[in-house]
Amino acid sequence: MEIIRKPKRMTAWVNSQAALGKTICLVPTMGYLHDGHLALVRKGCEWADHVVVSLFVNPIQFGPGEDLDSYPRSFERDAALSEKVGASVLFSPEAIDLYPKGFQTTVTVKGLTSGLCGGSRPHHFDGVTTVVAKLFHIVKPHSAVFGQKDLQQLAVIKKMVSDLNWDIDILGHPIVREADGLAMSSRNSYLNEEERLKALCLHDAIQFARKKVRAGSQNAASLEEDIECRIRGCNGVVIDYVSIVNAETLQKCSVINNDSVLALAVKIGRTRLIDNGFLKAEA
Ligand code: PAF
């Protein structure tokens, strides 16, 4: 596996592979890789001749007071893991090369970014779409894989790609969970033992909601209330949102149907966690 730092070298590598007729899949990450990321790389390997894993803690998607400085980093380990699961390149640019002095351009997707995480993290998705657009230009992938844990991010990136007529297949990968149901996330490393237990309220809420739906609940607003009530019973968990939305449009559902997803965000101590699940899927 090659480690490439400079965008121009990355593009030159991609061009040399394109000349050989090879396909490229990009797996964008902020590093501190876990099994969820590795599943994305494995999926990429099934789709393309080469997988490029990008590793970049993107400063412009963090708001003031968020965890940019404390975001966990482990370059050597990430490089070893990426190589082990089959990546051809680890592309790890410096911030100065992506955002040189005087950088003025951002990419914005409007409607889809206004609720859910966009509601509590203003400008976050502008940061995500801007960096992903830049990565797409540098790596020129035929496909890219994103985790479904970031439900809104996936919807926003699909919209950006379709609105900008990019010929890139955007693939979603199902959430990878720990044995006890906690969705894998680099931010889980912030949790102490007690908080780690409390974090199970997210998966529990999804299971609870699915059970209610199986038992006949159809009214999304009243189910949201029941879920909020259940999460509030978990001491020290602060709800950001509990929202039943259409998986693609992210619009609120009134009646639960096959496309309804329960989207959740909570804060436990200083850690913000998200999770989601289709309500009519099997538990
Ligand atoms: O999901 C992430 O880790 C980030 O938002 C992404 C897509 C790598 C952009 O920085």
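Things to note:
Condition check ((1) among the acidic types (Asp, Glu); (2) assigned to a loop (DSSP other than H, G, I, E, B)) across all residues:
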site: SER189; (1), (2): no, no
site: GLU195; (1), (2): yes, no
site: GLY216; (1), (2): no, yes
site: SER222; (1), (2): no, no
site: ASP226; (1), (2): yes, no
site: CYS229; (1), (2): no, no
site: VAL242; (1), (2): no, no
site: LEU273; (1), (2): no, no
site: ASN276; (1), (2): no, no
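- Among strands (runs of 3 or more DSSP E) entirely within segment 1-83, having at least 1 residues that are within 12 Å of the ligand (Cβ to nearest atom) and within 23 Å of HIS142 (Cβ to Cβ) singles out 24-29, 50-55.
- No other residue among LYS159, LYS211 is among the basic types (Lys, Arg) and more than 16 Å from the ligand (Cβ to nearest atom) apart from LYS211.
- One residue alone among LEU250, LEU264 is modelled with pLDDT of 95 or more and outside any loop (DSSP other than H, G, I, E, B), and that residue is LEU264.
- Selected residue [touching a strand residue (DSSP E or B) at 6+ places or on another chain (Cβ under 9 Å) and either in a helix (DSSP H, G or I) or more than 18 Å from ALA247 (Cβ to Cβ) (or both)] from ILE175, ILE206, ILE170: ILE206
- If the condition is being under 20 Å from the mean Cα position of the chain (by Cα) and closer than 16 Å to GLY119 by Cβ, then segment 225-260 contributes ILE239, ASP240, TYR241, VAL242, SER243, ILE244, VAL245, THR249, LEU250, GLN251.
- In segment 84-94, the residues that are of a type in the set (A, V, I, L, M) and within 16 Å of the ligand (Cβ to nearest atom): ALA87, VAL89, LEU90
- Count of residues meeting criterion [assigned to a loop (DSSP other than H, G, I, E, B) and among the aliphatic types (A, V, I, L, M)] in segment 141-167: 1
- Any chance ASP97 is acidic (Asp, Glu), assigned to a helix (DSSP H, G or I) and within 13 Å of the ligand (Cβ to nearest atom): no
- A single member of ARG42, ARG9 is more than 23 Å from GLN148 (Cα to Cα) and of a type in the set (D, E, K, R), and it is ARG9.
- Subset of segment 100-145 (residues that are of a type in the set (D, E, K, R) and either free of Cβ contacts under 8 Å to residues at least 12 places away in the same chain or within 13 Å of the ligand (Cβ to nearest atom) (or both)): LYS101, LYS110, ARG121, ASP126, LYS134
- Residue list for segment 231-240, restricted to those being under 15 Å from ASP275 (Cβ atoms) and either aromatic (Phe, Trp, Tyr) or part of a helix (DSSP H, G or I) (or both): ILE231
- Pairs meeting the criteria (first residue in segment 78-92 and modelled with pLDDT of 95 or more, second residue among the small types (Gly, Ala, Ser), beta carbons under 7 Å, at least 6 apart or on different chains) are ASP78/GLY31; LEU90/ALA79; LEU90/SER82; PHE91/SER54.
- Looking only at residues of segment 102-122 that are farther than 20 Å from LEU164 by Cα and surrounded by fewer than 17 Cβ atoms within 10 Å (Cβ to Cβ), we find that the one that is farthest from the chain's Cα centre (by Cα) is GLY102.
The values are calculated or read from the model by the stated rules, or taken from the named source; none is laboratory data. Bear in mind that the values here come from a model prediction, so they are computed numbers and not experimental data. Positions of Cβ are generated from backbone atoms using ideal geometry, with glycine treated the same way; all protein chains shown enter the neighbour counts.
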